[in-house]
Amino acid sequence: MASSGFHALLSKNFVQLCIVSLIPDVGILPMGFKSAIGGKRPEGNRLKQMTDLKHNVFGRENLAPYACRASETRGRLFKEPESPTRTPFQRDRDRIIHSTAFRRLKHKTQVFVHHVGDHYRTRLTHSIEVSQIARSLARALGVDEDLAECLALSHDFGHTPFGHAGEDVLDVVMKDHGGFDHNAQSFRVVTRLEQQYADFDGLNLSWETLEGLVKHNGPLVGDDIPASIRNFDREFSLELGSHASLEAQCAAVADDIAYNSHDIDDGLRAGLFALEDLLELPITGDRLVEIRKSHPGLEFRRTRHEIIRYQITRMVEDVIRTAKAGLASVKPQSAQDVRHCGKTIVRFSHEMRLQEKQIKAFLFERMYRAPSVMVMREAAEQIIRDLYEAYHSGIACRPDSLKRNTDNAKPDDIPRAIADFIASMTDDYAIKEHRRLFDATPKLS
């Protein structure tokens, strides 16, 4: 009896799923299903029940009123039929994961060049960690986890090889051509540079994902808005002067939490500082004292892990408390209320912000400007500078994929095409290209 009851329930749910996945286009329902609902779009409570079931299938029921709702998306620049099995944000997430830019993150530097060690973070593992934290924050605040995940996974698409060292060089050589900013470059990647689809360039992501990508660090105002964003906004307005959604704010603060924590982990692993050095820091210092009291003699790797997980937890819980207090104060009743409330809601408390600044200052001095890291940085800067100058001055040395974008380009557009090409490189490919073009390539380790 139990088994037959289970199968009956399963069969019933399957039929309901088949029905709701096809709404509102009743015309494509199989004949039996058409008969069951009278051959026309259901009305009243019946429609509501079926619509609610569809939302349950998508897994996004019971969102807060201030969440971005996939059912109310503002759409895409190029119109496409909706997916019967995924929300627009879930579809965006899938496009991001299947993009070339996402795969390239595997071999792009976070702090350490990937071949220095197997366990140091890369841009890819960093993005995955940001995604996990962003989803946790979004879930706690009742907003759309998939949208937060989209932004977390794509926020570093615009990073050059060798991390900020490469970005700084490109910004200098491009100073007369609009400069270079990795956030703006991420936007160029998803709106133009990814070229896999038959009907459009880019990934044709939903409005909410694009808005969050450009505004996750706050409104864009003034005359310094990158040209690629400004031009796109004229065609498909992203309301640049307002704040981003709560989902985007979750991704932004998750980025800070992730790198503040995993950079301490990687710094300890690399021997750039010792556990005892963390005693001068808030959160980590307190946790180290507790661990040594409760687990005397605990081995290094376990101690390191306990410290990092504690810091992540403390920061996440602080953000959730602060955001909930902000929501209680602002009382937003829609995503638009969030955008126009005049402040960032998902953020650290004042106390945690001060502690986070101490952690960042420590990492800057002890890790980002450590002698061994600076050797890598200087070598990386030289590689990027040499590649740009070679491609800019010598047409013959340009790879075929770059030539396709420069052979018929206007002279003023060539520098940007070269910057796009270099920014897309992995660390490995940049080194390989430098060795192809030059007799000696700087060593990064």
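Please identify the pairs in which a residue from segment 126-140 that is touching a residue at least 24 places away in the same chain (Cβ under 8 Å) has its Cβ atom under 8 Å from the Cβ atom of a residue that is β-branched (Val, Ile, Thr) and surrounded by fewer than 24 Cβ atoms within 10 Å (Cβ to Cβ), counting only partners at least 6 apart or on another chain.
Ile133/Ile312; Ile133/Val316; Ser136/Val316; Leu137/Val316; Leu137/Ile320; Ala140/Ile320
Under 9 Å between Cβ atoms, at least 6 apart or on separate chains: pull out the pairs that start in segment 274-296 with a residue that is over 17 Å from Arg314 (Cβ atoms) and end on any residue that is among the acidic types (Asp, Glu) and part of a helix (DSSP H, G or I).
Every condition considered, the pairs that remain are His295/Glu306.
Does any residue in segment 62-81 that is part of a helix (DSSP H, G or I) come within less than 8 Å, Cβ to Cβ, of a residue that is among the aliphatic types (A, V, I, L, M) six or more places away or on a different chain, and which pairs are these?
Note: pairs meeting the criteria are Ala70/Leu147.
Just to check your reading of the model, which residue among Leu437, Leu444, Leu402 is touching a helix residue (DSSP H, G or I) at 6+ places or on another chain (Cβ under 8 Å), hydrophobic (A, V, I, L, M, F, W, C) and farther than 24 Å from Ala101 by Cα? Break it down stepwise before answering.
Numbers: Leu444 fails: farther than 24 Å from Ala101 by Cα; Leu402 fails: farther than 24 Å from Ala101 by Cα.
After applying the criteria, what remains is Leu437.
Read-outs throughout are calculated quantities, based only on the coordinates presented, and are distinct from any laboratory measurement. Just so it is clear, the structure is predicted and the values come from calculations on it, not from any experiment. Cβ atoms come from the backbone with ideal geometry, glycine included; neighbour counts cover every protein chain shown.
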